[in-house]
Amino acid sequence: MSDARSPASARGAASAPILKTELLTVRFGGLAALSQVNFEVARDEIRAIIGPNGAGKSTFFNCLTGVLRPTGGRIIFNGVDVTGQPANVISQRGIARSYQITNILPNATVLENVRIAAQSRRHSWNMMTHYSAFSDINEKAERALDSVGLLSKAAELAANLSHGEQRNLEIGIALATEPSLLCLDEPTAGMSAAETHDTMQLVRRIAKDLTILIVEHDMQVVMELADRITVLHYGEILAEGTPEEIQRNPKVLEVYLKT
Amino acid sequence: MSATDTNTQPLVLVEDVHTYYGKSHILHGISLEIGPGEVVGLLGRNGVGKSTTLKTIMGLVPAREGKIQYCGQAITGVPPHKLARLGIAYVPEDRRIFRLLTVMENLRTGLDRGGVTDEKKQALLDKVFTYFPVLAERRSQAGGTLSGGEQQMLAIARAMMLEPKIILLDEPTEGLMPRMVSQIGQIIDVLHREGVAILLVEQNVPLTLAASQRVYIMEKGIVRHHCAASEIDVNDAVIKQYLGV
Amino acid sequence: MDAVVHFFQAIPFDQIVIQTLNGIVTGMILALVASGLTLIFGIMDVVNFAHGELFMLGAYIGVLVLAGTGSFWLALIVASLLVAILGAALQIVTLRPLIGRDPLNTILVTFGISLILQNYALWQFGPVARKINEPITTHFNLFYLEYPWYRLVIAGMSASIIGAFWLFLKYGKFGVWIRATTQDRVMAQAMGIPVPLVYTGVFAIGAGMAAASGVLFGPLVGVNHAMGLDWVLKAFIVVVVGGMGNLGGSIAAAIFISLLESYAAIWMNPSQAVIVSFVVLILTLLFRPTGLFVPTPK
């Protein structure tokens, strides 16, 4: 395990968690997709969320990002209750998300994709100035591209990127909104082993000064990246702990192997 | 290790198949084979491409590279409805029975094929109603009103109407109660004894090892391990590595 | 008390009964046209802008066969069959290659076909309206009117055709195929149902039904190249109000809207009464977008 990142427990242990949910519940008719989830993540932590099919991982992300309104419970971000607020407000507050199915604009250039996201943080009634003249937005966009290693392809049409590059662009778009909490939804889906490795390096690089929640099925990625892991099962938290603790937890193995 | 001796060709042969969803590269050169009448397990975590493998064999998703053979004939590019008539049946994850059709009508979709006599149709129905008496009881009910376990039985019964040589069975025990899980195991045994081959995708390891003759274990779109089911058990290091945490 | 009596006296009961009949008659024809349209949309997600022209072609073929043989009923049968075959050919040539592509493509294609068919009819038959003579010319006395029996025959025939089709859907082997394919195209294929063939068949049936409507309705209006336009617009409204792909809903919506319009025509100018269908459309889209008679899914 790399020593380059200090364990989250050492950093910021004294300060309040950046995100906290209290008794978070989501019901679809009779089915509880999430059931009274009490979740906390510390500032600058990398937390992986795993669990078998239907455990509620996507539903959880959807609640955090304002896409889904919870049936019950609260979500507290940076000390503010953001439960039920719409997605654009949550984005402005500093929670960003990348999606499982790539959501980029294929007919725009790589830079344009990211610039649109960067623009969202700056409010202006100025409709006459050409968009490329806002130098602060351009700089933010270029910085985001640089952190995901796509600066050299800034002028390339997004549709022409390889799958792995498109997934990384997705992360870059999220980064351009300058979030304090980044939610990554299966960032390595459909990637080859080499692309997965590159994305893992990318996540480690951007993890400084950023809290990251990552939903993943690739256990290698999870074990190597995460400071702590939360295991969801049927909408409830089954276990939480360091990667070593989770690997040794017999309940977790039982749930995964259906023994 | 080969599934079959040199005299019998495999029923289904998948060789170095690559499948994409758009640009997303899901199957990275998967190869496997199923012999006539064999039950073969396909294990792996979520997202590794097990369902995609079944869909590629069934022609529901095109294989961009590689070859797929059935009874020695290449079947890449053959439309799914022809494959169903040739004897490949598909039972998907979440069953997907026709909710607005009755149980009987669901079964009829597989029964109404050319070249099947009325006696044969009745015999098939009788057989399926013997194995699944609850379906006989509910034969005039709409599929959508059945419970999860009953829908799973209907999905399998419907596939049996095609008199298939092989059933592609995708996570049949998903979301079922433990009592139903053992029932599924029994059904697989019965089908095996009738000589129907099964490619069983599952995350339930004990069930799969008990029901299969051989297992393949997948990770990230490719087979990582392949052995006889009797050679490993649930505590094996290989299982922990590819299916655990 | 007097006011109440006065109120009831002012309601034109005789007109209401007449308009009810008219509404049902128009509604049944509309239902026949809309059934084909909603079926085609429900099973293959194709918005068939050429549907009104299939109606129009049916009417013209009816004119020709009637002129040639003198038999209205033969005209009805031949027109339906020929247009059904034409529909199948159109689907195979223009729509089958587009399966799986952006739905905008099929909209453009069917719109193009509609223009081609309209102009073909104009070129072939000229701008003057043709007439189909109704097979039954007798009337009965309804209040102060002599109401043509033929109108009731139209309603009856449409109802029979729709009824026969409903039975076919419910009990026929091909009917089960259609219903299965409408619900889950992928699993229908996995069950060996030849889905491309089912699509062609449904398009042919829809076309045939539109043609039959054209012949049945022909005697009431003139047959001309633009007669499809009014009908296709109404039919689309009916399909949306009844719920896309919902056969029962379309029939109910067709009768409902036609009745409303007929009643409105008692007090308004008939050409203004058309507003009623648009109002119903807007209300449906606002409050029950999946269809007026379909419970909105949660």
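The values are calculated or read from the model by the stated rules, or taken from the named source; none is laboratory data. This structure is a prediction, so every number in the text was calculated from the model and none was measured. So basically every Cβ, Gly included, is an ideal-geometry build from the backbone, and we count neighbours across all protein chains shown.
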Go through (1) surrounded by fewer than 18 Cβ atoms within 10 Å (Cβ to Cβ); (2) under 30 Å from B:Q203 (Cβ atoms) for A:P86 and report which single condition fails. (2)
Quick count over segment B:117-167, residues being under 26 Å from B:P80 (Cα atoms), of a type in the set (V, I, T) and more than 22 Å from the chain's Cα centre (by Cα), is 1
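Check whether at least one residue in segment B:24-33 is among the β-branched types (V, I, T) and touching a Lys or Arg at 6+ places or on another chain (Cβ under 8 Å), and report yes or no.
So the first thing to find is which residues in segment B:24-33 are among the β-branched types (V, I, T), and the list is B:26, B:30.
From the residues that got through so far, the ones that are touching a Lys or Arg at 6+ places or on another chain (Cβ under 8 Å) too are none.
Taking every residue of segment B:24-33 in turn, none turns out to be among the β-branched types (V, I, T) and touching a Lys or Arg at 6+ places or on another chain (Cβ under 8 Å).
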Scan of segment C:97-142 for residues that are surrounded by fewer than 14 Cβ atoms within 10 Å (Cβ to Cβ) and in contact with a His (Cβ under 7 Å, 6 or more places away or on another chain), ordered by number: C:L122
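When you go through A:E45, A:E40, A:E142 one by one, which is the residue that is modelled with pLDDT of 90 or more, touching a helix residue (DSSP H, G or I) at 6+ places or on another chain (Cβ under 8 Å), among the acidic types (D, E) and buried (at least 16 other Cβ atoms within 10 Å of the Cβ)? Steps first, please.
Details: A:E45 fails: touching a helix residue (DSSP H, G or I) at 6+ places or on another chain (Cβ under 8 Å); A:E40 fails: touching a helix residue (DSSP H, G or I) at 6+ places or on another chain (Cβ under 8 Å).
Unique residue meeting the criteria: A:E142.
Results for (1) under 25 Å from C:T26 (Cβ atoms); (2) among the polar types (S, T, N, Q); (3) part of a helix (DSSP H, G or I), shown as yes or no for each residue.
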position	(1), (2), (3)
C:R96	no, no, yes
C:R101	no, no, no
C:N105	no, yes, yes
C:F111	no, no, yes
C:V128	yes, no, no
C:P135	yes, no, no
Out of B:D112, B:D118, I need the residue that is buried (at least 17 other Cβ atoms within 10 Å of the Cβ), under 22 Å from C:Y171 (Cα atoms) and without any contact (Cβ under 8 Å) to a residue 12 or more places away in the chain. Which one? B:D112
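Report, by residue number, each residue of segment B:184-203 that is modelled with pLDDT of 90 or more and not β-branched (V, I, T). Reasoning before the result, please.
First pass over segment B:184-203, keeping only residues modelled with pLDDT of 90 or more: B:184-202.
Once the filter is applied, which keeps residues that are modelled with pLDDT of 90 or more and not β-branched (V, I, T), segment B:184-203 yields B:G185, B:Q186, B:D189, B:L191, B:H192, B:R193, B:E194, B:G195, B:A197, B:L199, B:L200, B:E202.
Looking at B:R108, B:R64, B:R96 in this structure, which one is touching a His at 6+ places or on another chain (Cβ under 8 Å) and over 21 Å from B:A197 (Cβ atoms)?
Values: B:R108 fails: touching a His at 6+ places or on another chain (Cβ under 8 Å); B:R96 fails: touching a His at 6+ places or on another chain (Cβ under 8 Å).
None of the others qualify; the one that does is B:R64.
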Scan (1) modelled with pLDDT under 90; (2) small (G, A, S); (3) under 14 Å from the mean Cα position of the chain (by Cα) for the single condition A:G190 breaks and write down its number. (3)
Pairs returned, first residue in segment B:180-191 that is acidic (D, E), second residue that is modelled with pLDDT of 90 or more and in a helix (DSSP H, G or I), beta-carbon separation under 7 angstrom, 6 or more apart or interchain, are B:D189/B:A211
In the set C:V215, C:V239, C:V221, which member is farther than 15 Å from C:F41 by Cα, buried (at least 24 other Cβ atoms within 10 Å of the Cβ), of a type in the set (V, I, T) and within 17 Å of the chain's Cα centre (by Cα)? C:V215
Could you please find all residues in segment A:197-219 being under 14 Å from the mean Cα position of the chain (by Cα) and of a type in the set (A, V, I, L, M)? A:M200, A:L202, A:V203, A:I206, A:A207, A:L210, A:I212, A:L213, A:I214, A:V215
Restrict the check to segment C:99-111 and report whether at least one residue is out of contact with any helix residue (DSSP H, G or I) (no Cβ under 9 Å at 6 or more places or on another chain), at pLDDT 85 or above and within 19 Å of C:A212 (Cα to Cα). no
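For (1) out of contact with any Cys (no Cβ under 8 Å at 6 or more places or on another chain); (2) farther than 30 Å from A:G241 by Cβ; (3) touching a residue at least 24 places away in the same chain (Cβ under 8 Å), each residue gets a yes or a no:
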residue: A:G56; (1), (2), (3): yes, no, yes
residue: A:R74; (1), (2), (3): yes, no, yes
residue: A:T83; (1), (2), (3): yes, no, no
residue: A:R93; (1), (2), (3): yes, no, no
residue: A:L105; (1), (2), (3): yes, yes, yes
residue: A:A108; (1), (2), (3): yes, yes, yes
Name the single residue, out of those in segment B:167-220 being touching a strand residue (DSSP E or B) at 6+ places or on another chain (Cβ under 6 Å) and small (G, A, S), that is farthest from the other protein chains (Cβ to nearest Cβ). B:A197
Would you be able to say whether some residue in segment B:20-36 is of a type in the set (A, V, I, L, M), free of Cβ contacts under 8 Å to residues at least 60 places away in the same chain and within 14 Å of chain A (Cβ to nearest Cβ)? no
When you go through C:L39, C:L64, C:L30 one by one, which is the residue that is without any contact (Cβ under 8 Å) to a residue 24 or more places away in the chain and under 25 Å from C:V78 (Cα atoms)? C:L64
Taking segment A:200-218 as the search range and keeping residues that are out of contact with any Leu (no Cβ under 9 Å at 6 or more places or on another chain) and crowded, with 19+ Cβ neighbours inside 10 Å, which one is nearest to A:L175 (Cα to Cα)? A:L202
Within segment A:88-120, can you find the residues that are in contact with an Asp or Glu (Cβ under 8 Å, 6 or more places away or on another chain) and outside any helix (DSSP H, G or I)? A:G94, A:R97, A:S98, A:Y99, A:Q100, A:T102, A:N103, A:I104, A:L105, A:T109
Got at least one residue in segment A:225-232 being surrounded by 16 or more Cβ atoms within 10 Å (Cβ to Cβ), closer than 21 Å to A:F39 by Cβ, at pLDDT below 90 and more than 13 Å from the chain's Cα centre (by Cα)? no
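Among the residues of segment A:75-82, are any out of contact with any helix residue (DSSP H, G or I) (no Cβ under 8 Å at 6 or more places or on another chain), in a strand (DSSP E or B), surrounded by fewer than 20 Cβ atoms within 10 Å (Cβ to Cβ) and not aliphatic (A, V, I, L, M)?
Here is the first cut: in segment A:75-82, the ones out of contact with any helix residue (DSSP H, G or I) (no Cβ under 8 Å at 6 or more places or on another chain) are A:76, A:79, A:81.
Adding the requirement that they be in a strand (DSSP E or B) leaves A:76, A:81.
Among the residues that remain, those that are also surrounded by fewer than 20 Cβ atoms within 10 Å (Cβ to Cβ) are: A:76, A:81.
Next cut, not aliphatic (A, V, I, L, M) only: A:81.
Yes, there is a match, as at least one residue in segment A:75-82 is out of contact with any helix residue (DSSP H, G or I) (no Cβ under 8 Å at 6 or more places or on another chain), in a strand (DSSP E or B), surrounded by fewer than 20 Cβ atoms within 10 Å (Cβ to Cβ) and not aliphatic (A, V, I, L, M).
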Segment C:169-219: number of residues that are in a helix (DSSP H, G or I), in contact with a Phe, Trp or Tyr (Cβ under 6 Å, 6 or more places away or on another chain) and within 10 Å of chain B (Cβ to nearest Cβ): 5
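Do any strands (runs of 3 or more DSSP E) lying entirely in segment B:39-141 carry at least 3 residues that are more than 14 Å from chain C (Cβ to nearest Cβ) and under 22 Å from B:V190 (Cβ atoms), and which ones are they? Even if it seems obvious, please write down each step before you answer.
Working: elements: B:39-43, B:63-70, B:88-91.
Answer list for segment B:39-141: B:39-43.
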